[in-house]
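Trainee: The structure under discussion is supplied below as structure tokens; questions concerning it will follow.
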Amino acid sequence: AVKTTARFDQPHDGAFFRTGPVPLSGIAFAGKRGISAVEYSTDGGRTWAPATVKPPLSPLTWVIWTATWTPAAAGSYSLVVRAHDGPGAVQSATREPSFPNGSGGYHSISVGVSSH
């Protein structure tokens, strides 16, 4: 079975921003099961917020997700993304190598925010 997966496309790992709204986006996939929701975390996975999921172009395409995050303060942040498949099952957090059954785990990136 195809594993449920989501990733960040924007921003890139190591990106640096000034305080203000930060656009987040990426893709998610769960094969024929589809994607019912995508959530992102800005505190390393302790809390989650919903992203907007665009309708897929077909039953077997990746879906695009977007969100706008406004950091509360300057500092370093660990952003994490996870998806829920069509029936609602959440993606596995367990990291697995791509061989032999496909990679697993949540995609995470580190970003910095400056107040000026």
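The values are calculated or read from the model by the stated rules, or taken from the named source; none is laboratory data. Keep in mind it's a predicted model, so treat the numbers as computed, not measured. All Cβ positions, glycine included, derive from the backbone under ideal geometry; neighbour counts span all protein chains shown. When the accessible area is computed, the model is the full protein with side chains, heavy atoms only, and any ligands, DNA or RNA have been set aside. Shrake-Rupley method; radii C 1.70, N 1.55, O 1.52, S 1.80 Å.
Trainee: From the list V113, V53, V90, pick out the single residue that is touching a residue at least 24 places away in the same chain (Cβ under 8 Å), open to solvent by less than 20 Å² (accessible area, probe 1.4 Å) and hydrophobic (A, V, I, L, M, F, W, C). First the steps, then the outcome.
Mentor: Numbers: V53 fails: open to solvent by less than 20 Å² (accessible area, probe 1.4 Å); V90 fails: open to solvent by less than 20 Å² (accessible area, probe 1.4 Å).
Selected residue: V113, the only one of V113, V53, V90 that is touching a residue at least 24 places away in the same chain (Cβ under 8 Å), open to solvent by less than 20 Å² (accessible area, probe 1.4 Å) and hydrophobic (A, V, I, L, M, F, W, C).
Trainee: Only one of (1) open to solvent by 50 Å² or more (accessible area, probe 1.4 Å); (2) closer than 17 Å to V113 by Cβ; (3) outside any strand (DSSP E or B); (4) touching a residue at least 12 places away in the same chain (Cβ under 8 Å) is not met by G20, so which one is it?
Mentor: Checking G20 against (1) open to solvent by 50 Å² or more (accessible area, probe 1.4 Å); (2) closer than 17 Å to V113 by Cβ; (3) outside any strand (DSSP E or B); (4) touching a residue at least 12 places away in the same chain (Cβ under 8 Å), the one that fails is (1).
Trainee: Right, next: Counting only residues that are touching a His at 6+ places or on another chain (Cβ under 6 Å) and modelled with pLDDT of 95 or more, give me the strands (runs of 3 or more DSSP E) lying completely in region 31-98 with at least 1 of them. Talk me through it step by step, then tell me what you get.
Mentor: Values: elements: 35-41, 63-69, 75-85.
Hits in region 31-98: 35-41, 75-85.
Trainee: Suppose we filter A93, A74, A51, A83 for residues that are within 15 Å of I109 (Cβ to Cβ), of a type in the set (G, A, S) and touching a strand residue (DSSP E or B) at 6+ places or on another chain (Cβ under 8 Å); which single one remains? Show your work before the answer.
Mentor: Numbers: A93 fails: within 15 Å of I109 (Cβ to Cβ); A74 fails: within 15 Å of I109 (Cβ to Cβ); A83 fails: within 15 Å of I109 (Cβ to Cβ).
Being within 15 Å of I109 (Cβ to Cβ), of a type in the set (G, A, S) and touching a strand residue (DSSP E or B) at 6+ places or on another chain (Cβ under 8 Å) holds for just one of A93, A74, A51, A83, which is A51.
Trainee: Restricting to region 99-110, and then to whatever is of a type in the set (S, T, Y) and in a strand (DSSP E or B), can you tell me which residue is most open to solvent (accessible area, probe 1.4 Å)? Quick ask: steps written out before the conclusion?
Mentor: Filtering region 99-110 for residues of a type in the set (S, T, Y) gives 103, 106, 108, 110.
After this cut, where a residue has to be in a strand (DSSP E or B) as well, the list is 108, 110.
On the way: S108: 50, S110: 67 Å².
The selected residue is S110.
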